[in-house]
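The values are calculated or read from the model by the stated rules, or taken from the named source; none is laboratory data. Just so it is clear, the model here is predicted, and its values are computed rather than measured. Neighbour counts are summed over all protein chains in view; Cβ atoms, including those assigned to glycine, are modelled from backbone coordinates with ideal geometry.
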Amino acid sequence: MRGRESELDTAENGRRAESRVAQRIRELIVEGELPPGTRVAEAGIAERLGVSRTPVRNALPALASEGLLEAAGKRGFAVRNFTTEDSYKATEIRCVLEGFAARELASRSDRRAIVEELREVLREGDAIFAKGHVVKDDEQSYAHMNGRFHDLIVGGAHDPLLKDLVQRVYSVPFVAPNVVAFKRVPLDEIYPVLVSGHHQHHAIVDAIEAGQPDIAESLMRGHSSPARRSLGLEGGQVEGVMAGINQ
């Protein structure tokens, strides 16, 4: 049994390392240190971050699935060329699609199990914000919580076409709900934005549980503002450190 537990601990530590490395690469892209078109060499990134090549090797395909990287050569990757307008518009489209998913879920008679899972996610979010502020270490916990919340709603609609369309939109950089970059907005400014968004989460789940599809859809579609603001996207413009990337 002890050997099995050791294997599980090792696997969990590996996933955490990959998550940290992926987040650091995101930040390098956000800060313009890895500009569009730059080849992201596994060995070079590992040396730059002071880690082994294994977590870098595992993180790069995940970042490609988020739309931040694109294939370049044999098993290689480069930073994808994208504009903040792309991310802004895709976030709006994401919320329209997720609004339809919320409507579908609220209309289903078998939604109870999903609602219970959503309530669990809400409790995770409540715990993050209970201290009255956020710190850099909350980034991964928030990303996991937010990603799971949106995945449950989209999956709960039981619509394969809708799920496929949502995944396509998620491939645009910084649009997927589990992609966060706290460095893009000062922590004291991002806290009220995230709290506001989490309050919306509560209202959305309340509407779904009550079987109110119109309200659930409206709230989900209106959820785009916190999503944009938490990533420093407002009015198609980029705030703070992101400003230099597309210049």
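Scanning segment 1-43 for residues that are modelled with pLDDT of 55 or more and among the hydroxyl-bearing types (S, T, Y) yields S19, T38.
Of all residues in segment 27-58, those satisfying the criterion of being assigned to a loop (DSSP other than H, G, I, E, B), of a type in the set (G, A, S) and without any contact (Cβ under 8 Å) to a residue 40 or more places away in the chain are A41, G50, S52.
Here N58 meets each of (1) farther than 21 Å from A143 by Cβ; (2) modelled with pLDDT of 90 or more with one exception, condition (1). Residue count for segment 64-79 under the criterion of being surrounded by 19 or more Cβ atoms within 10 Å (Cβ to Cβ) and modelled with pLDDT of 90 or more: the result is 3. Restricting segment 59-85 to residues that are in a loop (DSSP other than H, G, I, E, B) and in contact (Cβ under 8 Å) with a residue 60 or more places away in the chain leaves a set whose member that is nearest to the chain's Cα centre (by Cα) is E66.
For segment 32-55, a residue qualifies if it is in contact with a Gly (Cβ under 9 Å, 6 or more places away or on another chain), of a type in the set (V, I, T) and surrounded by 17 or more Cβ atoms within 10 Å (Cβ to Cβ), and exactly one does: V40.
Yes/no matrix, rows are residues, columns are (1) touching a Lys or Arg at 6+ places or on another chain (Cβ under 7 Å); (2) among the charged types (D, E, K, R); (3) farther than 25 Å from F100 by Cα:
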| site | (1), (2), (3) |
| --- | --- |
| I128 | no, no, yes |
| D137 | no, yes, yes |
| H144 | no, no, no |
| R148 | no, yes, no |
| V205 | yes, no, no |
